[in-house]
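Notes follow once the structure below has been shown.
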Amino acid sequence: MPSRGCLISRRQFVASVSQAAIAERLRAQPAAHRTRLILLGTAGGPRPRLTRAAPSQVILVNGAAYVIDCGNGVAGQLVRAGVPLRSLRHIFITHQHSDHTADYGNLLLIAWTSGLQTRVDTWGPAPLEKMTRLFFEMNESDIRTRVADEGRVPLAPLVFSHERRSGGAVMKDGNLTVTCALVEHPPVAPAFAYRFDSADRSIVISGDTKPSEELVRLAHGADVLIHEALFPSAVDRLVAMLPNSAALKRSILSHHTPVEEAGRIAQEAGVKTLVLSHLIPAEDPEVSDEMWLNAARRYFKGRVVLGRDLLEVD
């Protein structure tokens, strides 16, 4: 245990030990399903947190990794979850907010430096193609040097970006059928929720959204719905002391879903399990786990899971 004079706090030490223990357990356990779902980051917003990473999830099918959203630190979270970075095959971006896109390019680059040699397709709203191209241009010197000096295959030809403007069918391969729906997250548009159907599971990820009937239709009968969740009464504490507190409070309340409403949406959609994630606020000691869960259960009669980083949802 670190002494009082160490550079990291006791809280940070405990958090790091807990994350390591979770990752080790994930690696040691056989998969309960052919299709696995791991929460990589469960905090809402771009500000770094001590105990929760930025929003991201990974679905694993037959050794292939499908990553949804790329918040800051996503590559490290994949490693902590025991997911080989070279297994990356698809990336899905829900919308253009930095807590969902900050490490989009970095994930591609770091996966490549970790042995990725296979095609990766990326999907999401504009300007996804421009983001991809400019990221490769920004890192051209490093990429060129590693190709010449380390014998790597070129990175850019491996990556195929696909911009979406509307809901509907996204892609289908031997593992998953992916569809999406437009959701409401003003002023950011378009914003998407995604549904992933495999041979044994159906998983829906809301992205950031106000309560959305389009999402209810997309999630109809799904096994798992991962839905963003807001605890409105705690927003004043979240924005306190910030110079833009009034505008930020208005923004947060205008385009996110109160946790009770997430439960209502799950009930209307008839899903089996509701997972609360993209929590706002992410680390408020006055909002207990029981408060989150009880609020969601006001309308939802099924199973409710409070998301935490590196949790594998069975």
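No lab work stands behind these numbers, since they all come straight from the coordinates. Every value quoted in this text rests on a predicted model; they were computed, and no experiment measured them. Here the Cβ is made from the backbone with ideal geometry for all residues, glycine too, and neighbour counts use every protein chain on show.
Below, the figures for the structure above:
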quantity	calculated
Size descriptor, Kirkwood hydrodynamic radius, that averages inverse alpha-carbon separations across the chain, Å	20.0
Sorted by Cβ neighbour density within 10 Å, fewest at the top, the residues Met138, Met241, Met171, Met131	Met241, Met138, Met171, Met131
Full-stretch length increase - Val147, Ser288 - with 0.36 nm per residue and alpha-carbon distance subtracted	45.8 nm
Additional length obtainable on full extension of the chain from Asp173 to Asn244, 0.36 nm per residue less Cα span	21.0 nm
Spherically averaged projected area of region 181-257 from its Cα convex hull (nm²)	5.7
Of the trypsin sites (Lys or Arg not before Pro) in region 114-148, those whose Cβ has at most 14 other Cβ within 10 Å and which sit in DSSP loop	Arg119
Rg to Rh, two decimals, where region 147-286 supplies the alpha carbon set and Rh follows Kirkwood	1.09
Estimated FRET transfer efficiency (Thr118, Met138; beta-carbon r; R0 22 Å; 0.05)	0.45
Estimated [θ] at 222 nm from DSSP helical runs (n ≥ 4, -39500 (n - 2.57)) normalised by residues in the chain, nearest 500	-9500 deg cm²/dmol
Sparse-neighbourhood loop sites, trypsin sites (Lys or Arg not before Pro) in region 32-89 - DSSP loop, at most 14 other Cβ within 10 angstrom	Arg34
